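The values are calculated or read from the model by the stated rules, or taken from the named source; none is laboratory data. Since this is a predicted model, take the numbers as computed values, not measurements. Cβ placement follows ideal geometry from the backbone for every residue including glycine, while neighbour counts extend to all protein chains displayed.
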Amino acid sequence: MSLTGLIILATTVASLYAEQNPELKMRWVFNPYYVKNRREYYRFLSSGFIHEGYMHLAFNMITLYYFGTLIETNFAILLGPAGYMLYLFFYLSALVVSEIPRYWRYLNNHHRLANSLGASGAISAVLLAGILFNPGMKVGLFFVPVMLPGFIFGALYLFYSAYMDRLGEGGGGIAHDAHLYGALYGILFAIAVYPSVVPNFLEYLASGNFF
């Protein structure tokens, strides 16, 4: 089984188990106040393995299957066996990095609105890294019969996440900050691993062959 498959399996099992154990779920959810005052730093990672309901879980895991497999394969091609370990580090570090802005924002707030859970930050990192490697790939939303070139979808995703993050708690109760900073981290990580991805991306844009 691929690393992506193992991550999906572990996340699915943990999420389903947490759904049946509310107390455990609350101990794993990310809350900056508890991280700081109780030193429960494990929440940076544990929160990425639980989800708010089955649709949240399914949406993230389906996205991870397609884009995680893509990045895992690309890293393995570029770096050989070391690429698999780098991919695992990328995913786990994205879970942590995507929560850091929320940590500082809600550092002294133990209210439930400060809580977040789900792998969306890491999924966003994998998604944008995948698009950077393959800017012409067609990407769309579930249940929406419109596919866009990856670079257009990625730009819209970044804009939407940034806009909704500015709304703060009025952004529908979704951790858009994790989406935004996870996506930015994915872009930077991809460039660090393979700097040539930038000229390749620009060359694709210059070609004008988008559709």
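I need a count of the residues in segment 92-125 that are in contact with an Asp or Glu (Cβ under 9 Å, 6 or more places away or on another chain) and closer than 16 Å to residue 67 by Cα. Residues flagged as in contact with an Asp or Glu (Cβ under 9 Å, 6 or more places away or on another chain) and closer than 16 Å to residue 67 by Cα within segment 92-125 amount to 1. Please work out which residue is modelled with the lowest pLDDT, limiting yourself to segment 1-33 and to residues that are exposed (fewer than 15 other Cβ atoms within 10 Å of the Cβ) and in a loop (DSSP other than H, G, I, E, B). Checking each candidate, the answer is 1.
Listed by first and then second residue, the pairs linking a residue in segment 82-97 that is without any contact (Cβ under 8 Å) to a residue 24 or more places away in the chain to a residue that is polar (S, T, N, Q), with Cβ atoms under 8 Å apart and 6 or more places separating them unless they lie on different chains, are 83/74. Is it true that residue 205 is among the aliphatic types (A, V, I, L, M), part of a helix (DSSP H, G or I) and more than 28 Å from residue 85 (Cα to Cα)? So residue 205 fits the description; yes.
Table: residues versus (1) assigned to a helix (DSSP H, G or I); (2) buried (at least 20 other Cβ atoms within 10 Å of the Cβ).
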| residue | (1), (2) |
| --- | --- |
| 85 | yes, no |
| 90 | yes, yes |
| 143 | no, no |
| 155 | yes, no |
| 178 | yes, yes |
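For segment 180-211, residues that are touching a residue at least 60 places away in the same chain (Cβ under 8 Å), of a type outside the set (S, T, N, Q) and more than 16 Å from residue 154 (Cα to Cα) total 2.
Output the residues belonging to segment 34-58 that are surrounded by fewer than 17 Cβ atoms within 10 Å (Cβ to Cβ) and among the aromatic types (Phe, Trp, Tyr). Walk me through how you get there before you give the answer.
Restricting attention to segment 34-58, the residues satisfying the condition of being surrounded by fewer than 17 Cβ atoms within 10 Å (Cβ to Cβ) are 36-42, 45, 53-55, 58.
41, 42, 54, listed by residue number.
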